[in-house]
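The values are calculated or read from the model by the stated rules, or taken from the named source; none is laboratory data. Please read all numbers here as calculations on a predicted model, not as lab measurements. Reconstructed Cβ throughout: ideal geometry from the backbone, glycine too, with neighbour counts over all protein chains shown.
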Amino acid sequence: MTGIIQNLETLCGIPGVSGDEQRIRGEIRRQIDPLCTRCHTDPLGNLIAFKKGGKTPKNKLLFSAHMDEIGFIITFVEDSGLLRFAAVGGIDSRVVIGKGVEVGDARVGGVIGSKAVHMQKESERETAPKLEELFIDIGATSREAALEAVRPGDRAVFHSPFLRLGGDRLAGRAFDDRAGCAVLISLLEQELPYDCYFAFTVQEETGCVGAKTAAFTVAPDISVAVETTTASDIAGTDNHKVVCALEGGPVLSFMDKGTVYDTGLYRLALSVAGECDIPVQSKLGVYGGNDSRSLQTAGAGSRAMAISLPCRYIHSPTNVLHQSDLLYMAKLLGHLIPALAQA
């Protein structure tokens with residue numbers, strides 16, 4: 001448990017916006033190279049690993065988590081030195097104003113700003129600003145000075161420290177899906193009962209791109225997306241829209257906006273969790289999506305399932321999850337391997 005949490009903090013401290021995942025990929029590869037039988041990076045940037053287990057499974061298994069995170073890309077530098085930007089992935093403009101960011105390979109510090117409130121028209125005050133109306137201030141006083149530090153095409157991530165809330169809850173940037181990556185690494189640290197493939201994919205946040213090529217390469221019979229999903233157990237949410245909650249255990253999906261999941265695998269996971277006394281919860285709604293839609297349809301296709309960590313405030317500067325859900329996620333996946341291998 002402690003190892004997963006410590007590694008999550010390490011992984012979340014490394015920028016990896018979609019299309020610019022080389023640093024986080026390098027850290028994950030550094031960790032897993034000694035643990036797996038073989039490992040390679042494909043042309044798109046996915047990290048694909050194979051670990052020999054005790055037996056060859058009836059079904060070829062692929063466990064997948066995406067390395068990339070939401071963020072921003074610099075599009076223009078004003079004469080004033082302020083940076084214009086676009087979102088990479090789905091980001092609500094209401095959560096970004098005044099937030100700190102780190103820009104480019106040098107991780108230049110900046111702040112997302114907007115027109116001062118007293119300069120806004122009444123109509124502007126009543127609506128959320130558009131991202132194209134905002135800017136990043138890195139302290140440069142001219143375009144030339146700014147270009148000495150950053151360039152158009154550079155990525156930016158939120159500057160968000162890793163925190164422990166109340167002892168058992170964790171807060172930080174990019175839990176979606178560095179938490180899934182940390183769980184897969186913890187699986188690779190174990191002796192596995194069956195051969196397994198693992199994919200750490202790129203560009204999930206911009207269209208689930210990497211998972212399709214990873215699944216095409218592996219050609220699994222069963223693919224498992226290890227993800228995070230929105231926990232709405234917060235004030236002001238109707239009961240039927242809570243979807244899932246912190247401390248409820250891993251979340252099993254039956255359908256989302258991108259995938260209709262394999263009913264047999266969904267029921268199998270519920271059965272294994274019950275037999276092993278592992279708390280789980282179903283995602284009680286049809287919302288969102290993840291790499292499963294690509295894993296399921298690549299090549300000749302595969303039976304797909306998604307197991308997610310309940311996480312508050314996804315796609316914002318700071319996410320929150322519970323330690324126990326991480327522990328139970330790793331435990332459930334370990335027990336599922338033999339069940340899926342012979343399903």
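All of (1) outside any helix (DSSP H, G or I); (2) at pLDDT 95 or above hold for TYR287 with one exception: (2).
This table checks each residue for (1) acidic (Asp, Glu); (2) surrounded by fewer than 24 Cβ atoms within 10 Å (Cβ to Cβ); (3) not in a loop (DSSP other than H, G, I, E, B).
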site: ASP177; (1), (2), (3): yes, no, yes
site: VAL183; (1), (2), (3): no, no, yes
site: SER186; (1), (2), (3): no, yes, yes
site: GLN203; (1), (2), (3): no, no, no
site: PHE216; (1), (2), (3): no, yes, yes
site: ALA225; (1), (2), (3): no, no, yes
site: CYS244; (1), (2), (3): no, no, no
site: GLU247; (1), (2), (3): yes, yes, no
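State yes or no: is LEU270 free of Cβ contacts under 8 Å to residues at least 40 places away in the same chain and assigned by TED's automatic domain parsing to the domain that holds GLN22? Yes: the conditions hold for LEU270. If the condition is being touching a Leu at 6+ places or on another chain (Cβ under 8 Å) and in a helix (DSSP H, G or I), then the range 295-335 contributes LEU295, GLN323, ASP325, LEU326, MET329, ALA330, LEU333, GLY334.
If the condition is being among the small types (Gly, Ala, Ser) and loosely packed, with under 15 Cβ neighbours inside 10 Å, then the range 249-266 contributes only GLY264.
Would you check if SER271 is more than 25 Å from GLY26 (Cβ to Cβ), polar (S, T, N, Q) and part of a loop (DSSP other than H, G, I, E, B)?
Numbers: more than 25 Å from GLY26 (Cβ to Cβ): yes; polar (S, T, N, Q): yes; part of a loop (DSSP other than H, G, I, E, B): no.
No; evaluated as a whole, the condition is false for this residue.
Out of ALA211, ALA269, which single residue is among the aliphatic types (A, V, I, L, M), in contact with a helix residue (DSSP H, G or I) (Cβ under 7 Å, 6 or more places away or on another chain), buried (at least 22 other Cβ atoms within 10 Å of the Cβ) and closer than 21 Å to ALA339 by Cβ? Full working, then the answer.
Working: ALA211 fails: closer than 21 Å to ALA339 by Cβ.
Only one candidate passes the filter, namely ALA269.
I'd like the residue in the range 281-306 that is among the hydrophobic types (A, V, I, L, M, F, W, C) and surrounded by 18 or more Cβ atoms within 10 Å (Cβ to Cβ) and, out of all such residues, is farthest from LEU246 (Cα to Cα). Filtering first and then ranking leaves ALA298. Scanning the range 249-268 for residues that are in a loop (DSSP other than H, G, I, E, B) and within 26 Å of ALA171 (Cα to Cα) turns up GLY249, PRO250, SER253, ASP256.
To keep it simple, each residue is scored yes or no on (1) small (Gly, Ala, Ser); (2) outside the structural domain of PRO220 (by TED's automatic domain parsing); (3) more than 16 Å from LEU188 (Cβ to Cβ).
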| residue | (1), (2), (3) |
| --- | --- |
| GLY16 | yes, no, yes |
| GLU21 | no, no, yes |
| ARG25 | no, no, no |
| ARG29 | no, no, no |
| CYS39 | no, no, no |
| GLY45 | yes, no, yes |
| GLY54 | yes, no, no |
| LYS58 | no, no, yes |
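Please determine whether any residue of the range 22-35 is touching a Lys or Arg at 6+ places or on another chain (Cβ under 6 Å) and farther than 22 Å from GLY89 by Cα. No. Taken together, the residues in the range 32-78 that are among the β-branched types (Val, Ile, Thr), within 30 Å of ARG143 (Cα to Cα) and not in a loop (DSSP other than H, G, I, E, B) amount to 4.
Okay, residues lined up against (1) exposed (fewer than 15 other Cβ atoms within 10 Å of the Cβ); (2) under 30 Å from ALA219 (Cβ atoms); (3) under 15 Å from the mean Cα position of the chain (by Cα); (4) at pLDDT below 95:
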{"residue": "SER18", "(1), (2), (3), (4)": "no, yes, yes, no"}
{"residue": "GLU21", "(1), (2), (3), (4)": "no, yes, yes, no"}
{"residue": "ARG25", "(1), (2), (3), (4)": "no, yes, yes, no"}
{"residue": "CYS39", "(1), (2), (3), (4)": "no, yes, no, no"}
{"residue": "ILE48", "(1), (2), (3), (4)": "no, yes, no, no"}
{"residue": "GLY53", "(1), (2), (3), (4)": "no, yes, no, no"}
{"residue": "MET67", "(1), (2), (3), (4)": "no, yes, yes, no"}
{"residue": "ILE74", "(1), (2), (3), (4)": "no, no, no, no"}
